[in-house]
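Engineer: Before I ask anything, here is the structure I am working with.
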Amino acid sequence: MGSNAFDQWPVLAGLGTSLGLGLLIGIQRGWTLRHEADGSRFAGVRTFGLLGLVGGLAGVLEPIEAALAALLFGTAALLVFIGYARTAGRDGRISGTSSLAALVALATGFLATRGEGQLAVVVAVAVTLLLTLRPQLHRWVEGMTEAEVSAIARFALIALVVLPLLPDRHLGPYDAWNPRQLWLVVVLVSGFSFAGYIASKRFGATRGTLAMAGTGAMVSSTAVTMALATRLRDEQENAPALVAGIAAASAVMIVRVIILVALLAPIALGALSLILAPAALASIVAAAWAVALARRAPPGPEDPVNLRNPLNFGSALVLTALVMAMALVARWFIDRIGESAMAIILAISGIADVDAAIITIGGLPAGVLDARTAGLVVAAPVMANTLFKAAIPPVITRTRRGWVAALPLLGSVAVGLTMVPFALR
């Protein structure tokens, strides 16, 4: 008897999850519609909970009696449709939100007892969050322009349609190019460009730019630098704010590298920190100085829509071409020189991907590199990557603004290089 109950525990746990997810969605809908008159709501908290439970029961019955499970699930879905039709007919309002939420509760209940509990939880929580954000989403949509809607559609095309269709394998000379990884650069740069545009519009030039730069640098500081350098070409933009964002992105990248080294290649941490910590501090100081200048700068235009296209593909394609060239050069070095010239190879390949150097060092057998050499080998691609980013603003803008934006990065490299003799001791 006890063994039997134990065997049924996964089923009971699944049914409990089904009920809980239905109640979760129901609580949100009940709170949102709390001011509606009694009897006018399509479904209350208990009904949503029961719908989740019915979906769970259908999932339990499905392997035992598929026809009965389909009948139970279909009947519940039909009741949801009837309830929607009656509510719409009585109120004269057409809103399928509660009905669709009810169908989601039913579906997540089914998933929870069919071995997809984690997916069911993710869907239910995401739907609840989406329903909760209704006022903010409505305000956001009302304030959007045609250019922003067009940018969202194009970004969805390149990120959700083109990217998954590209082959995820190495092609070209020396197998240097992976089409999906290269197109990911386009997605990142375009995405950060649009995110910076929206953040600036929502939070102001300085705060919005810093927010985008700080978070975006956790993924790719190079892509962030390209996106901000593109905006530098517009004379109406707040140049000090963009310079601050570029410096902040570099600082975040360096701190991120130090953390990754501590986790993946701790042997290199001592010498690396001695070089990179002062470099990061130099970038932070430069960012703070640029922020102070940005606050004293005259305000930019009130309507950012008049600025450049919020989703710029041109700069993204330029960076992709540079990444392709660097990847080819790195593979050529490996083929011609061999892996003995590790520092040179990692420095070149690290221009586009610093993480590759960290993972390589962390994966080496013990004793291949001493702590000092390991730190220098990881520091090399970080410095090379920073120099590469320093070249982006002048190349993209071809103005004095570009050189000003490059100064914090060049200063960071200079500070890091002055620390190399101390790391060699």
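Engineer: Between residue 400 and residue 8, what is the label-to-label distance in nm when each label sits 7 Å out along the Cα-to-Cβ direction?
Structural biologist: 8.2 nm
Engineer: Within 10 Å of each residue's Cβ, count the other Cβ atoms and sort 259, 267, 64, 275 from fewest upward.
Structural biologist: Details: 259 11, 267 21, 64 8, 275 24.
So the residues, fewest neighbours to most, are 64, 259, 267, 275.
Engineer: If I model a spin label at residue 292 and residue 154 as a point 7 Å from the Cα along the Cα→Cβ vector, what separation in nanometres do I get?
Structural biologist: Taking the two extended label points, one gets 3.9 nm.
Engineer: Tell me which residues come under 5 Å, amide H to amide H, from residue 177 once H is placed; ignore anything under 5 positions away on its chain.
Structural biologist: So residue 177 has HN proximity to 171.
Engineer: What is the list of residues in region 119-152 whose amide nitrogen lies under 17 Å from a point 7 angstrom out from the Cα of residue 27, following Cα to Cβ?
Structural biologist: Residues 121-133 fall inside that zone.
Engineer: Figure the gain on full extension for residue 65 and residue 170 (residue separation times 0.36 nm, minus the Cα-Cα span) and round it to one decimal in nm. Mind dumping the intermediate values first?
Structural biologist: Working: separation 105, 0.36 × 105 = 37.80 nm, distance 4.80 nm.
Here the segment from residue 65 to residue 170 would lengthen by 33.0 nm.
Engineer: Now, a different point. 7 Å from Cα along Cα→Cβ at both residue 78 and residue 215: what's the point-to-point distance in nm?
Structural biologist: In this crude spin-label approximation the distance works out to 4.6 nm.
Engineer: Moving on to the next point. Under 13 Å from a point 7 Å along the Cα-to-Cβ line of residue 181: which residues of region 242-267 have their amide N that close?
Structural biologist: none
Engineer: Determine the distance separating the Cα centre of region 112-153 from the Cα centre of region 388-425; give it in Å without decimals.
Structural biologist: Comparing the Cα centres of region 112-153 and region 388-425, I get a distance of 40 Å.
Engineer: If neighbour count is taken as other Cβ atoms inside 10 Å, put 18, 150, 273 in order from fewest to most.
Structural biologist: Values: 18 32, 150 13, 273 18.
So the residues, fewest neighbours to most, are 150, 273, 18.
A short reminder: the numbers here are calculations on the coordinates, not readings from a lab. Everything quoted here is computed from the prediction, not taken from an experiment. So basically every Cβ, Gly included, is an ideal-geometry build from the backbone, and we count neighbours across all protein chains shown.
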